[in-house]
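Some notes on the structure that comes next.
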Amino acid sequence: MPELTEEDIKNMSPEELRALQKEQCVFCKMVEGKIQARKVFEDENFLAVLDINPATPGHILLMPKEHISILPQLPEPLVQKLGVLSKHLSQAALKAMKAEGTTIFVANGLVAGQRAAHFLLHIIPRKEGDDAGITLEETDISESDAQKLQDNLLPFVHRVFGSQKAPTSPATPHSPPASPSQSTPSPKAEKPAEKQKPAKKMTNLDEVTEFLTK
Amino acid sequence: MTCEICQQIEKKIGVLIETKEVVALIAPKPAVTGHVLVVPREHHAILEQVPDAVVGQMMTVANRLSIVLFEGLGCQGTNMIVPNGIPAGQSAPHTAMHIIPRNENDEVNVLWKPKQLNEEEMSAIELKMKEEASKMGKKEEPAPKKEAPKQEVLQLSDEENYLLKSLKRIP
């Protein structure tokens, strides 16, 4: 394959870019069976393998078969399924490893510790005294700072979730505290993966995935 | 025993969004500013106790909150972490998905030191894990093709009871 210049990459359509990423992606090759992996679970949308450099024995990588870089790019029905699968695999890991807990871990973006261009969800079996780390520090937040943060985030919450709440549970009519007027979330909120491509709104997400094309 | 998260839900302190089953909150003990939580409304100690449909919804809400943090705080990345059980660093007896905004040179350190196991060890683990994973799918998800969330009765295994017991020790 000829060397691609930065200019070439810049001129690529999103489809071409994705095809290129896929071609170079180790995890896509695992999905296709071109690279051997210790597969522990597979269905039509997801594959789970053992991490060859585990944080602890039994460390599982759960990935969508489709090449995406960060979770916001995954279609929402699959996000939901990812949640359910991570619970089930966490249960499996608890039993298989006789573990006393698990850490479920996702990194979206380089600065969050993402190392692969293919989105991965980590399930790490935990035992007392293991040296895996991944401990979240706990600091205090003043009431006024918490209030400020809440005020800051709420407009974005309303935009991303639509004016009404209840994103996914079809069988649960729900009356929210405010404006119970309409029940359809905005189309934007329905498909976060699609809205970022055409519009320039999601610049941050573009930046997050930018390193993957380098 | 009163649960702080349950109280926060009840008093509507720092609530960002709520559905019938899931609530998103400003984290009461944040790792960094902007740290938020997605919790089941109903009190469950660990993720394994939460019904599938609710776990699915938690992930969906958590993912959208990730987008909220990207847009609202302009962060460069996010972590989503569920510490499940005391050895995983779970500090409250109410299971939570943590969403943490990340920026270059921030103070958060959640990375681990990778280990290397030999082939034999890996093969043994693979075998056990495959076995458990295959059982799991059948028991808990009889109709994997259906998109609709399943209603199910939760049954706790011995391992989970162990987890619960240890969580009850959390003050």
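Every read-out reported here was derived from the displayed coordinates using simple, explicitly stated rules and does not represent laboratory data. Keep in mind it's a predicted model, so treat the numbers as computed, not measured. Note that we place each Cβ from the backbone using ideal geometry, even for glycine, and neighbour counts take in every protein chain shown.
Note on the range A:98-154: Kirkwood radius taken over Cα pairs, Stokes-Einstein applied at 37 °C and 0.692 mPa s, translational D equal to 227 µm² s⁻¹. Distance between the modelled labels on A:GLU16 and B:SER123, one decimal in nanometres: 4.7 nm (7 Å Cα→Cβ projection). Ordering A:PHE156, A:PHE119 by the number of other Cβ atoms within 10 Å of each residue's own Cβ, fewest first, gives A:PHE156, A:PHE119. Each residue of the range B:77-83 was assigned a 3J(HN,Hα) from its phi angle through the Karplus curve 6.51 cos²θ - 1.76 cosθ + 1.60 (θ = phi - 60°); the sequence is x, 9, 10, 10, 9, 10, x Hz, with glycine and proline shown as x. When B:VAL108, A:VAL160 are arranged by Cβ crowding within 10 Å, least crowded first, meaning fewest neighbours, the order is B:VAL108, A:VAL160.
Taking the fewest neighbouring Cβ atoms within 10 Å as the starting point, the ordered list for B:THR19, A:THR135, A:THR5 is A:THR5, A:THR135, B:THR19.
Across all directions, the shadow cast by the convex hull of the range B:26-113 built on its C-alpha atoms averages 6.1 square nanometres. In the range B:1-117, Cα pairs under 8 Å separated by at least six residues give a relative contact order of 27 percent. Rg then Dmax, both in Å and based on the Cα atoms of the range A:6-126: 15.0, 52. With Cα atoms defining each centre, the range B:91-123 and the range A:24-82 are spaced 17 Å apart in the structure.
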